[in-house]
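*Asks:* I'd like to ask some things about the structure below.
Here, each number is a calculation from the coordinates, and none is a lab measurement. Owing to the predicted nature of the structure, the values given are computational and were not obtained by experimental measurement. Here the Cβ positions follow ideal geometry from the backbone for every residue, glycine too, while neighbour counts run over all protein chains shown.
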Amino acid sequence: MKRRALLANTLAVSTAGMLTRIPAARAAGAQRIFDCHAHFYTNQPDKYPFDAHSARYGAERMIAKAMANPMTPEAVFSFWEKAGIDRGLGVQYSSTYFTDNRYLLDIAAEHPGKIIPIVILDATAAETPATLARMAKENHIAGVRFMGSADRTTGQFAYLTDAATPAWEICNELGLSITLMPLGGAPGAALPRVVELAKRYPNVAVILDHIGFPTYSRSPQTFGYTPDHLALADIPNINYKYTTFLIEMLLSDSTPLKDFCEYTVAKFGADHMIWGSDIGNSEVDDVEFVHHALDSAAGLSASDRSAMFYDTAARLFIPGGRGKA
């Protein structure tokens, strides 16, 4: 790969003047965009109550934000229109509803094809496999998101243990995606187990949220990727979500975004890359961060940009599942 000289930490300034480029509707010939990380929530707690489990984990501020600035379809679609985004995933927001997926499923039913639901469920619950099968058939989900911290005693993530294998098995049978976001400590500690499960269930499209949080300053030579991160590249059904949340972290760590993006694509392949806005969670200028993502990919080929921002997602996230391998 031809690498550009490392950028100075001026990307935020240099792109600020380009913010007026995005029109109200996507210009002819512009890059098609599929948003793989949009969060939806409403300020109607009587109908869609906020989850007490989330509140216990410090989500009170997010609930206050939801009441003041709900991320309804109208709000998210307005952003999508400004940013030239065609459609996207509705990723269940743990900070407001945790595993109560009713609001997401209701609005996805109102906007079929525009919002493709990714639910959150307890990976180890006995009823989860049957629930996933029902949701695939009735609610046309494209996958499930498993997240949370490692057990303090064992150091294991519940959704990566043998207790979660029935959930992985039904996703493998139906061709559903599984999005993983290990929280707390060093997320890289989970990656060897992710490799094991991805190999065992090859019909599951495994999605690594925020690409496993690489930290540039810890290992600039590999743009923050650990050996465990890089070992994932050999597994064909593991995919990598490049998000606003990650870009926020990278910019705060003085990471040269273009070089980071090009290195990442060279290691993992654009056909395994997807992009997500994180609207509803990241508290930034959402349109500005669409620019950061697009500008970081400017040095890629047109086919790689198309894969990263649209084609890979359109292939992976099929309402109801992709079916048997």
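*Asks:* Using the number of other C-beta atoms within 10 angstrom as an exposure proxy, rank ASP285, ASP209 with the fewest first.
*Replies:* Final ranking by Cβ density, sparse to dense: ASP285, ASP209.
*Asks:* Round to the nearest 0.05 the FRET efficiency obtained for ALA233 and ASN69 when R0 = 22 Å and r is the Cβ-Cβ distance.
*Replies:* Computed FRET efficiency for ALA233 and ASN69: 0.05.
*Asks:* Right, another one. Give me Rg/Rg_expected for the chain, where Rg uses Cα atoms only and Rg_expected = 2.2 N^0.38 Å with N residues.
*Replies:* So the Cα radius of gyration is 0.95 times the expected 2.2 N^0.38 Å.
*Asks:* Still on this model: About the Cα centre of the chain, how large is the charge dipole given +1 on each Lys and Arg Cβ and -1 on each Asp and Glu Cβ? Please answer in debye to the nearest 20.
*Replies:* Computed about the Cα centre, the dipole is about 600 debye.
*Asks:* Treat each spin label as a single point 7 Å out from the Cα along the C-beta direction, and report the ASN203 to ARG134 distance in nm.
*Replies:* 2.2 nm
*Asks:* For ASN239, list long-range residues whose amide hydrogen, built 1.01 Å from N in the peptide plane, is under 5 Å from its own amide hydrogen.
*Replies:* Result for ASN239 returns VAL206, ILE207, LEU208.
*Asks:* Which residue fluctuates the most in the chain, going by a Gaussian network model with Cα springs under 10 Å, if the choices are ALA64, ALA30, ALA130?
*Replies:* Looking only at ALA64, ALA30, ALA130, the largest GNM fluctuation is found for ALA30.
*Asks:* Of LEU197, SER303, ILE238, whose Cα points farthest to the positive end of the dipole of the range 119-316 (charges on the beta-carbon: +1 Lys, Arg; -1 Asp, Glu; origin at the Cα centre)?
*Replies:* Positive-most Cα among the choices belongs to LEU197.
*Asks:* Quick one: which residues, 5 or more positions from SER177 or on another chain, have an amide H under 5 Å from its amide H? H modelled 1.01 Å from N in the peptide plane, none for Pro or chain starts.
*Replies:* GLY143, VAL144, ALA205
*Asks:* Residues with amide H under 5 Å of TYR41's amide H, sequence separation 5 or more or different chain, H placed in the peptide plane at 1.01 Å from N; which?
*Replies:* For TYR41, the qualifying residues are MET71, THR72.
*Asks:* Among VAL287, THR255, GLY320, whose Cα projects farthest towards the positive end of the dipole of the range 244-325, with charges put on the beta-carbon of Lys, Arg (+1) and Asp, Glu (-1)?
*Replies:* Highest projection toward the positive end goes to GLY320.
*Asks:* Once phi is turned into ³J(HN,Hα) by the Karplus curve 6.51 cos²θ - 1.76 cosθ + 1.60 with θ = phi - 60°, what whole-Hz value does each residue of the range 220-230 show in order, with x for glycine and proline?
*Replies:* My calculation for the range 220-230 gives x, 4, 10, 6, x, 7, 7, x, 5, 4, 5 Hz in order.
*Asks:* Separate question: Excluding the sites themselves, what is the longest stretch of the chain that contains no GluC sites (Glu not before Pro) in a DSSP loop with at most 16 other C-beta atoms within 10 Å?
*Replies:* The answer is 128-282.
*Asks:* Moving on. Which ³J(HN,Hα) values in Hz, rounded to whole numbers, follow from the phi angles of the range 209-217 under the Karplus curve 6.51 cos²θ - 1.76 cosθ + 1.60, where θ = phi - 60° and Gly and Pro get x?
*Replies:* In residue order, the calculated couplings are 4, 6, 6, x, 6, x, 10, 4, 5 Hz.
*Asks:* Could you work out the relative contact order of the range 92-188? I mean the mean sequence separation of Cα pairs under 8 Å and 6+ apart, divided by the number of residues, in percent.
*Replies:* For the range 92-188, the relative contact order is 27 percent.
*Asks:* Give the residue list of trypsin sites (Lys or Arg not before Pro) in the range 97-172 that are DSSP loop and have at most 12 other beta-carbon atoms within 10 angstrom.
*Replies:* ARG152
*Asks:* What residue among ALA68, ALA163, ALA189 has the largest mean-square fluctuation in a Gaussian network model of the chain, using Cα springs under 10 Å?
*Replies:* Its mean-square fluctuation being the largest, the pick is ALA68.
*Asks:* Using the number of other C-beta atoms within 10 angstrom as an exposure proxy, rank HIS37, HIS210, HIS272, HIS140 with the fewest first.
*Replies:* Fewest-to-most ranking of HIS37, HIS210, HIS272, HIS140: HIS140, HIS210, HIS272, HIS37.
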